[in-house]
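Engineer: To start, I am sharing the structure in question, which I have written as structure tokens.
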Amino acid sequence: MPVIPAQADIQCPAEKIFDLIIDFSGQDRWLATSSAFHGTTEISSDPVTLGTTYTEPGPFGVRHGTVTEFERPAKITFHQPMTMRLHAGTVEVTLRYTLTPSGESTRVTRVVTIGVPRPLKLVQPVLARSFRAESGRTLAALKAYADTLR
């Protein structure tokens, strides 16, 4: 089961960063779409809270997400099982942000865990590489935008 960690020190209070992460309808202010991320749709509640559901279409399949942990402003976890295209199975995806204040900055840790079913084990390296690239891109975009907010 691949685990993909990433972290950044962001010059912004944890509360503001947390608010950016949960503002699904305003994500386009700081996170551009990419080949892997086409946006978040079908959001069940605004503001986002524990139990909120959403959909994220992508190149490999559609992630049907649920907020499973919500501890403002320190932790938020998303469970995003991805239904693969061509009925190839479901990849279990868990994404967790941990925000740790440190002086005038906040350390943001983003950990993606991927559970690949046996029939898809051959494509696991491709999936992991894609998730690693997208995770780094997302954290860099969050940092670039939040650093301007202070």
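We did not get these values from a lab; they are worked out from the coordinates using the rules stated. As the structure is a prediction and not an experimental result, all values here were calculated from the model. Here the Cβ is made from the backbone with ideal geometry for all residues, glycine too, and neighbour counts use every protein chain on show.
Engineer: Taking region 78-104 as the search range and keeping residues that are surrounded by fewer than 16 Cβ atoms within 10 Å (Cβ to Cβ), of a type outside the set (A, V, I, L, M, F, W, C) and in contact with a helix residue (DSSP H, G or I) (Cβ under 7 Å, 6 or more places away or on another chain), which one is farthest from residue 149 (Cα to Cα)?
Structural biologist: For region 78-104, the residue satisfying everything is 89.
Engineer: OK, next. Within region 1-29, can you find the residues that are without any contact (Cβ under 8 Å) to a residue 60 or more places away in the chain and under 13 Å from the mean Cα position of the chain (by Cα)?
Structural biologist: 22, 23, 24, 27 - these are the residues of region 1-29 that are without any contact (Cβ under 8 Å) to a residue 60 or more places away in the chain and under 13 Å from the mean Cα position of the chain (by Cα).
Engineer: State which residue is farthest from residue 77 (Cα to Cα) when the search covers only region 32-55 and only residues that are buried (at least 18 other Cβ atoms within 10 Å of the Cβ) and not polar (S, T, N, Q).
Structural biologist: Among those residues, the one meeting the criterion is 37.
Engineer: Further question on the same structure: So which of 107, 137, 132 is in a strand (DSSP E or B) and surrounded by fewer than 18 Cβ atoms within 10 Å (Cβ to Cβ)?
Structural biologist: 107
Engineer: What tally of residues in region 111-123 results from selecting those that are outside any helix (DSSP H, G or I) and either within 11 Å of residue 89 (Cβ to Cβ) or among the hydrophobic types (A, V, I, L, M, F, W, C) (or both)?
Structural biologist: 6
Engineer: Take the conditions small (Gly, Ala, Ser), on the phi > 0 side of the Ramachandran plot and touching a residue at least 24 places away in the same chain (Cβ under 8 Å) and apply them to residue 89. Does it pass?
Structural biologist: Criteria met by residue 89.
Engineer: Step by step: first the residues of region 53-73, then only those that are in a loop (DSSP other than H, G, I, E, B) and in contact with a Phe, Trp or Tyr (Cβ under 8 Å, 6 or more places away or on another chain), then the one that is farthest from residue 137 (Cα to Cα). Which residue is that?
Structural biologist: 72
Engineer: Of the residues 48, 126, which single one is free of Cβ contacts under 8 Å to residues at least 60 places away in the same chain, in a loop (DSSP other than H, G, I, E, B), hydrophobic (A, V, I, L, M, F, W, C) and farther than 16 Å from residue 6 by Cα?
Structural biologist: When all the criteria are applied, what remains is 48.
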